[in-house]
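Q: One structure is given below, represented as structure tokens, and several questions about it will come after.
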Amino acid sequence: MAVSRLASSTSTVSKLLLRPLSAPPFSRSFSEAAAGDDQTVLTIETSVPFTGHKIDPPSRSVEATPKELFSFFRDMAVMRRMEIAADSLYKAKLIRGFCHLYDGQEAVAVGMEAAITKRDCIITAYRDHCIFLGRGGKLVEAFSELMGRRTGCSKGKGGSMHFYKKEAGFYGGHGIVGAQVPLGCGLAFAQKYSKDETVTFALYGDGAANQGQLFEALNISALWDLPVILVCENNHYGMGTAEWRASKSPAYYKRGDYVPGLKVDGMDVLAVKQACKFAKEHALKNGPIILEMDTYRYHGHSMSDPGSTYRTRDEISGIRQERDPIERVRKLILTHEIASASELKDIEKEIRKKVDEAIAQAKESPMPDPSEIFSDVYVKGYGTEVFGADRKEVKAVLP
Amino acid sequence: MTLRGLGRGISIGKRCFSSFTEVEKPPMDGKPINLFSAINQALHIALETDPRAYVFGEDVGFGGVFRCTTGLADRFGRNRVFNTPLCEQGIAGFAIGLAAMGNRAIAEIQFADYIYPAFDQIVNEAAKFRYRSGNQFNCGGLTIRSPYGAVGHGGHYHSQSPEAFFCHVPGLKVVIPRSPRQAKGLLLACIRDSNPVVFFEPKWLYRLAVEEVPEHDYMLPLSQAEVIRQGSDITLVGWGAQLSVLEHACDEVAKDGISCELIDLRTLIPWDKETVEASVRKTGRLLVSHEAPVTGGFGAEISASIAERCFLRLEAPVARICGLDTPFPLVYEPFYMPTKNKVLDAIKATVNY
């Protein structure tokens, strides 16, 4: 059933996708040479209008500069390349443990960044590699962490599921489904206290949407008007379970009941940007809001999941053809003549090279020192004794 | 001494916590199968023999992430074998309610690391139900199965051994099998036991352990430890996947002339103190080994109890070879684990004390 629902939405979406490109009066770029011209502001319509729950949705006309579109393309291409490279590294057993890839969902990460500052906080679950990059993380740090090396963003101790970046307000990287949402609301509580006009985006998936703790956190946030935006990255499958089999109501943007919600096409980076901007303004004035990003992941749930036992290959390739976020931006760039197709191809080649370099650099990096197994259990200087295998043999004092 | 007044003649004496007194040694014949197949067989039999038994949890319908529930939904229908949404607290609470109405609720928590949202339900609702209602109600039909333990690359949230948290709760039983044949018999016993049981399955052994398992319906006694190997110099106690590590250590140390007695605890609470005590009285030395961190792990309880009971007999302090006191690490797993060499060192140190 999910397949047919998706198919109908993709066909409507594909119809709408063609609309902005065939309507020149909406954009002013044809009259000006767009490349390198920072003053141009393009007005582009999102693929589908927003749907609101207990709120008036924002306009579907989004303003973007050519430079911005270019950067969207670049950022998403880097993320896509990173995830594909991680796939090969995992199969080569350089990355071990669990690895959850984000390719297909890049528009959410990139669009969100475009709407906020690094002082706003983002917290997410384990599909966090691209959010980390979006927050300013380096490729080398990402690959090192994936391979468990010292130069990783979490010093090699976290792995794929636990990327963090304190300076950029990225609170990670969490393994237990749904557990990051109350945490995110807590971050927002602190932000409200500090009165610095920042917000928190707490991301979770359609699988986590049925966790009790989410509703507890939502209630508290609404009660205390916390500046938190709960973002449901609905890729329609909780591991292998389709949303309609897990949720009585898969309209996740409505699940907040008394908390307003917005449904967004998560494959359209401009829609995501518009929605996040709107949500931030709302959250600072009125408290929590839920954003449901209608998105899709091409890979399975994790590297151990082929991703094809619960959905058809046609569905996956259909979405790739009709709604791929990078292709959409590429079409926009080409139509508005911001760059040529070969220029974009060159960028992709350059990105590929950069990613390969980062991987090579990460491979050179050493594994963490064995003594690090004991560090950061408690705060430094705690000095508590821990015992290892045998009291007489392995006795360590936690640093 | 019996307490017949409190319903059903619970006698306090030796081995009183077992669900039945006849100990049948299962016949040796059977096909060689692995752990998840043995558990699968046990579940098939459980659902076959009791029309009010239900199996549910995340993704169990297609067979489960470890294939323990393959074929159940097809055979018994989606009304008896069904998927739940992603909500452990909901699964546990729902299972307790189902059991309170006299059904056999066999709930699966996909990984033991995810059991904590359900912890409140298990500890506060399930364990105390019979007690607080004065035996009017009970959720004895509840069995919670969960894969636990290290798997080589599981990291922080796919490798934990939370058995010690549950061992601290009177009213619950905690059972851990070491091999396919044990798993089938113990799981059937747990399902049919009239107390809520948490059954941890060593995930590392799901495919790795292969043993001949009889195809018929059989149960193994709960709260009875099994002496797997006789010995005279030191007693080794463990459970689950750790036993194979201990076995290898036994073999190696036998070359140095140290004879080890190896005990599989099987049921962690209520645990078989008599068997362990009898063994320590024979050998005079004890070593406990488990994957969970050493401080506050179940080895501590065994150590303290045996020290109480066998103080004058002990030739050396009780050794605990366990995981380190850190969160279960990702890259550091080989350092963290209680490996064979750590056990060997401890055996030698204890014997030469």
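Q: What is the one condition in (1) under 22 Å from B:Cys167 (Cβ atoms); (2) aliphatic (A, V, I, L, M); (3) crowded, with 21+ Cβ neighbours inside 10 Å that B:Val123 does not satisfy?
A: Among (1) under 22 Å from B:Cys167 (Cβ atoms); (2) aliphatic (A, V, I, L, M); (3) crowded, with 21+ Cβ neighbours inside 10 Å, B:Val123 violates only (3).
Q: Of a type in the set (A, V, I, L, M, F, W, C) and in a loop (DSSP other than H, G, I, E, B), is that true of B:Val123?
A: no
Q: When the residues of segment B:294-308 are filtered to those that are at pLDDT below 95 and surrounded by fewer than 23 Cβ atoms within 10 Å (Cβ to Cβ), which remaining residue is farthest from B:Ile321 (Cα to Cα)?
A: The selected residue is B:Gly296.
Q: Then there's this: Of everything in segment A:170-214 that's assigned to a loop (DSSP other than H, G, I, E, B) and free of Cβ contacts under 8 Å to residues at least 12 places away in the same chain, which residue is nearest to the other protein chains (Cβ to nearest Cβ)? Lay out the reasoning, then the answer.
A: Of the residues in segment A:170-214, the ones assigned to a loop (DSSP other than H, G, I, E, B) are A:171-179, A:195-199, A:206-207, A:211.
From the residues that got through so far, the ones that are free of Cβ contacts under 8 Å to residues at least 12 places away in the same chain too are A:176, A:195.
On the way: A:Ile176: 6, A:Lys195: 34 Å.
Here the residue is A:Ile176.
Q: Hey, among A:Lys248, A:Lys165, which residue is under 29 Å from A:Asp376 (Cβ atoms) and among the basic types (Lys, Arg)?
A: Testing whether each residue is under 29 Å from A:Asp376 (Cβ atoms) and among the basic types (Lys, Arg) leaves just A:Lys165.
Q: Have a look at A:Ala242, A:Ala209, A:Ala222 and point out the one that is more than 27 Å from A:Cys130 (Cα to Cα) and not aromatic (Phe, Trp, Tyr).
A: A:Ala222
Q: Can you name the number of the only condition in (1) outside any helix (DSSP H, G or I); (2) surrounded by fewer than 22 Cβ atoms within 10 Å (Cβ to Cβ); (3) at pLDDT below 95 that B:Val331 fails?
A: With respect to (1) outside any helix (DSSP H, G or I); (2) surrounded by fewer than 22 Cβ atoms within 10 Å (Cβ to Cβ); (3) at pLDDT below 95, B:Val331 is out only on (2).
Q: Given the structure, is A:Pro58 modelled with pLDDT under 95 and either within 19 Å of A:Asp346 (Cβ to Cβ) or buried (at least 20 other Cβ atoms within 10 Å of the Cβ) (or both)? Steps first, please.
A: On the way: modelled with pLDDT under 95: no; either within 19 Å of A:Asp346 (Cβ to Cβ) or buried (at least 20 other Cβ atoms within 10 Å of the Cβ) (or both): yes.
Spelling it out, it is not the case that A:Pro58 is modelled with pLDDT under 95 and either within 19 Å of A:Asp346 (Cβ to Cβ) or buried (at least 20 other Cβ atoms within 10 Å of the Cβ) (or both).
Q: With the structure loaded, tell me whether B:Val294 is in contact with a Lys or Arg (Cβ under 7 Å, 6 or more places away or on another chain) and without any contact (Cβ under 8 Å) to a residue 60 or more places away in the chain or whether it fails that test. Break it down stepwise before answering.
A: On the way: in contact with a Lys or Arg (Cβ under 7 Å, 6 or more places away or on another chain): yes; without any contact (Cβ under 8 Å) to a residue 60 or more places away in the chain: yes.
Yes, satisfied.
Q: Filter segment B:282-303 down to the residues that are assigned to a helix (DSSP H, G or I) and either within 25 Å of B:Glu201 (Cα to Cα) or aliphatic (A, V, I, L, M) (or both) and list them by number.
A: Scanning segment B:282-303 gives B:Phe298, B:Gly299, B:Ala300, B:Glu301, B:Ile302, B:Ser303.
One line per residue, one yes/no per condition, for (1) touching a Phe, Trp or Tyr at 6+ places or on another chain (Cβ under 6 Å); (2) over 30 Å from B:Gly171 (Cβ atoms):
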{"residue": "B:Gly238", "(1), (2)": "no, no"}
{"residue": "B:Leu243", "(1), (2)": "no, no"}
{"residue": "B:His248", "(1), (2)": "no, yes"}
{"residue": "B:Glu252", "(1), (2)": "no, yes"}
{"residue": "B:Lys255", "(1), (2)": "no, yes"}
{"residue": "B:Leu265", "(1), (2)": "yes, no"}
{"residue": "B:Ala278", "(1), (2)": "no, no"}
{"residue": "B:Glu291", "(1), (2)": "no, no"}
{"residue": "B:Val294", "(1), (2)": "yes, no"}
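Q: Determine which member of the set A:Ser154, A:Ser144 is over 17 Å from the mean Cα position of the chain (by Cα) and part of a loop (DSSP other than H, G, I, E, B).
A: Only one candidate qualifies: A:Ser154.
Q: What are the pairs with Cβ atoms under 8 angstrom where one residue, in segment A:157-169, is touching a residue at least 60 places away in the same chain (Cβ under 8 Å) and the other, located anywhere, is surrounded by fewer than 23 Cβ atoms within 10 Å (Cβ to Cβ) and not in a loop (DSSP other than H, G, I, E, B)? Sequence gap at least six, or different chains.
A: A:Lys157/A:Glu372
Q: What are the residues in segment A:280-325 that are farther than 28 Å from A:Thr51 by Cα and either outside the structural domain of A:Gly261 (by TED's automatic domain parsing) or charged (D, E, K, R) (or both), if any?
A: Answer for segment A:280-325, where residues must be farther than 28 Å from A:Thr51 by Cα and either outside the structural domain of A:Gly261 (by TED's automatic domain parsing) or charged (D, E, K, R) (or both): A:Asp305, A:Arg313.
Q: What about B:Gly77, is it more than 23 Å from B:Ile176 (Cβ to Cβ), within 14 Å of chain A (Cβ to nearest Cβ) and free of Cβ contacts under 8 Å to residues at least 40 places away in the same chain?
A: Judged against the criteria, B:Gly77 is not a match.
Q: Right, next: Please tell me if B:Ala316 is in a loop (DSSP other than H, G, I, E, B) and within 14 Å of chain A (Cβ to nearest Cβ).
A: Against the criterion (in a loop (DSSP other than H, G, I, E, B) and within 14 Å of chain A (Cβ to nearest Cβ)), B:Ala316 qualifies.
Q: Of the numbered conditions (1) in a helix (DSSP H, G or I); (2) at the interface with chain A (Cβ under 10 Å from one of its Cβ atoms), B:Ile306 fails exactly one; give the number of that condition.
A: (2)
Q: Between a residue in segment A:235-248 that is under 14 Å from A:His299 (Cβ atoms) and any residue that is of a type in the set (Val, Ile, Thr), which pairs come within a Cβ distance under 7 Å, given they are 6 or more apart or on different chains?
A: Correct list of pairs: A:Asn235/A:Thr295; A:Gly240/A:Thr309.
Q: Which residue is modelled with the highest pLDDT, if the candidates are limited to segment A:155-169 and must be surrounded by fewer than 22 Cβ atoms within 10 Å (Cβ to Cβ) and within 13 Å of chain B (Cβ to nearest Cβ)?
A: It comes out as A:His162.
Q: Let me ask something else. Do we have any residue at all in segment B:331-338 that's more than 10 Å from chain A (Cβ to nearest Cβ), closer than 17 Å to B:Leu265 by Cβ and touching a strand residue (DSSP E or B) at 6+ places or on another chain (Cβ under 7 Å)?
A: Checking segment B:331-338: not a single residue is more than 10 Å from chain A (Cβ to nearest Cβ), closer than 17 Å to B:Leu265 by Cβ and touching a strand residue (DSSP E or B) at 6+ places or on another chain (Cβ under 7 Å).
Q: Sort through A:Gly238, A:Gly256 and tell me the only one that's crowded, with 22+ Cβ neighbours inside 10 Å, small (Gly, Ala, Ser) and within 14 Å of chain B (Cβ to nearest Cβ). Steps first, please.
A: Numbers: A:Gly256 fails: within 14 Å of chain B (Cβ to nearest Cβ).
Matching residue, one of A:Gly238, A:Gly256: A:Gly238.
The values are calculated or read from the model by the stated rules, or taken from the named source; none is laboratory data. Quantities reported herein were computed from a predicted structural model and do not represent experimental measurements. Glycine also receives a Cβ, built like all others from the backbone with ideal geometry; neighbour counts cover every protein chain displayed.
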